[in-house]
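Let me begin by presenting the structure, written as structure tokens, before commenting on it.
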Amino acid sequence: MGKALIIGCGGVASVAIHKCCQNSEVFEEICIASRTVSKCDVLKEKLQGTTKTKITTAQVDADKVEELIALIEKEKPDVVLNLALPYQDLTIMDACLATKTHYIDTANYEPEDTAKFEYSWQWAYREKFEKAGITALLGSGFDPGVTGVFCAYALKHEFDEINYIDILDCNGGDHGYPFATNFNPEINIREVSAKGSYWEDGHWVETEPMEIKRVYNFEEVGEKDMYLLHHEEIESLALNMPGIKRIRFFMTFGQSYLTHLKCLENVGMTSIEPILFEGKEIVPLQFLKAVLPDPASLGPRTKGKTNIGCIFQGKKDGKEKTYYLYNICDHESCYKEVGSQAVAYTTGVPAMIGAMMVMTGKWNKPGVHNIEEFDPDPFMDALNTWGLPWRESHKPVLVD
Ligand code: NDP
């Protein structure tokens, strides 16, 4: 079918690349390009010979638009799948515009020097992408990603109107370390140490970090403490779900994680303000990332399951109804299949599926769009085919 250029070669990219290689009919060719090309070469060595997908590698600094344009012009991919960091979203979108190439990512843009993530920067490209006749698919991971597809599916098949959405992200996995993050530590800690917020009656309600706590009994995981966070899909869902009254996002955290995080915050280690250390400027959070376990190394030691999904309340045929769509994923099975833990797996699989939707033309909508703006059905089918089967319940326990 075609060729994808995959930028980044970390935890999430590794899973997406494995999945592209399982799906050679669609991904006839992939080019893996990242800052550290040796990581791309290692993955190429591991996978070639096991797949019909032709794999090439390249070095690129994705902060530099000119380098990206030169790479895209040389490789001529049908789509660019951005699995580097949120800091690179805009430079990669600029290069896609210059070369008229479709764009897919899993996380919204964040400026490196401000811990603030929102869609405004990427939505500002809408008209340019539309005029260029190319599609930008934003947020094709699990959350954002599958959660948005779940919302679009619920609206299409189960409701006339959705009024309340609670997104529950539970990681019941145990890696045996007192403190480690399941994806890029810098991005993860910026996300969880920020103020919380939710959408209610047309506006944001802000909370202190971890101020709102609930306990929920997750299928195949058990009872967990979960905390309300700000999360990027709330921003787009608030616009794209007609009749919505409230959207909240909860993530589970264990006490050890929270105690370590509080202590690191209290001593200044999570700060993104540069400090002088032995005559050199360093960012404390980046230094912390360097001493924490690499999320990619958690795969062989993580046991347990993730359970992520959306609980909906709304109306169908004039009657109130509730509905829950979710996926349960086992860390050890993921490791057996692709050598990664479930957090990378649940992000990398939808990233591959999003790239497939755009490459095959099933999703073709010039402009910049969030995932819930597309027809959910082919994506929902692909989740079942490619390792993230979904489950549903018509009588879920609600979150108060
Ligand atoms: P990693 O840190 O493991 O990988 C990031 C990769 O990007 C590394 O290979 C890194 O290269 C590369 N990279 C960083 N900067 C540059 C640059 N300037 N030029 C080229 N390559 C660069 O991160 P993850 O795999 O954990 O996360 C990847 C993305 O997925 C992030 O944006 C994250 O926010 C998102 N994510 C989304 C989720 C969702 O559900 N939607 C969930 C989890 C993550 P190097 O090897 O040199 O460091």
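The values are calculated or read from the model by the stated rules, or taken from the named source; none is laboratory data. All figures in this text were calculated on a predicted structure; none of them were measured in a lab. Note that each Cβ is placed from the backbone with ideal geometry, even for glycine, and that neighbours are counted across all protein chains shown.
Under the condition of being within 16 Å of the ligand (Cβ to nearest atom), part of a helix (DSSP H, G or I) and small (Gly, Ala, Ser), the residues counted in the stretch 322-369 number 6.
Going by what's in this entry, would Val221 be described as buried (at least 16 other Cβ atoms within 10 Å of the Cβ) and in contact with a Pro (Cβ under 8 Å, 6 or more places away or on another chain)? Judged against the criteria, Val221 is not a match.
For the residues Phe150, Phe159, the requirement of being of a type in the set (Phe, Trp, Tyr), within 16 Å of the ligand (Cβ to nearest atom) and in the same structural domain as Asn188 (by TED's automatic domain parsing) singles out Phe150. Residues considered: Asp400, Asp377. Of these, the only one that is in a helix (DSSP H, G or I), of a type in the set (D, E, K, R) and surrounded by fewer than 22 Cβ atoms within 10 Å (Cβ to Cβ) is Asp377.
The set of residues in the stretch 124-141 being part of a strand (DSSP E or B) and among the β-branched types (Val, Ile, Thr) consists of Thr135 alone. Answer yes or no as to whether Glu211 is under 28 Å from Leu81 (Cβ atoms), surrounded by fewer than 14 Cβ atoms within 10 Å (Cβ to Cβ) and away from the ligand (no atom under 16 Å from the Cβ). For Glu211, the condition - under 28 Å from Leu81 (Cβ atoms), surrounded by fewer than 14 Cβ atoms within 10 Å (Cβ to Cβ) and away from the ligand (no atom under 16 Å from the Cβ) - is not met. Screening Ile311 on (1) within 27 Å of Gly243 (Cα to Cα); (2) within 13 Å of the ligand (Cβ to nearest atom) shows it passes everything except condition (2).
Residue check: Met269 meets all listed conditions (1) more than 27 Å from Glu223 (Cα to Cα); (2) out of contact with any helix residue (DSSP H, G or I) (no Cβ under 7 Å at 6 or more places or on another chain); (3) not hydroxyl-bearing (Ser, Thr, Tyr) but one, namely (2). In the stretch 123-151, the residues that are under 24 Å from Lys100 (Cα atoms) and modelled with pLDDT of 95 or more form Cβ pairs under 6 Å with partners that are hydroxyl-bearing (Ser, Thr, Tyr) and near the ligand (Cβ under 10 Å from one of its atoms), at six or more places apart or across chains, as follows: Ser140/Thr106; Gly141/Thr106; Gly141/Thr347. Going through (1) touching a strand residue (DSSP E or B) at 6+ places or on another chain (Cβ under 6 Å); (2) touching a residue at least 60 places away in the same chain (Cβ under 8 Å); (3) over 14 Å from Met352 (Cβ atoms) one by one, Cys20 falls short only on (3).
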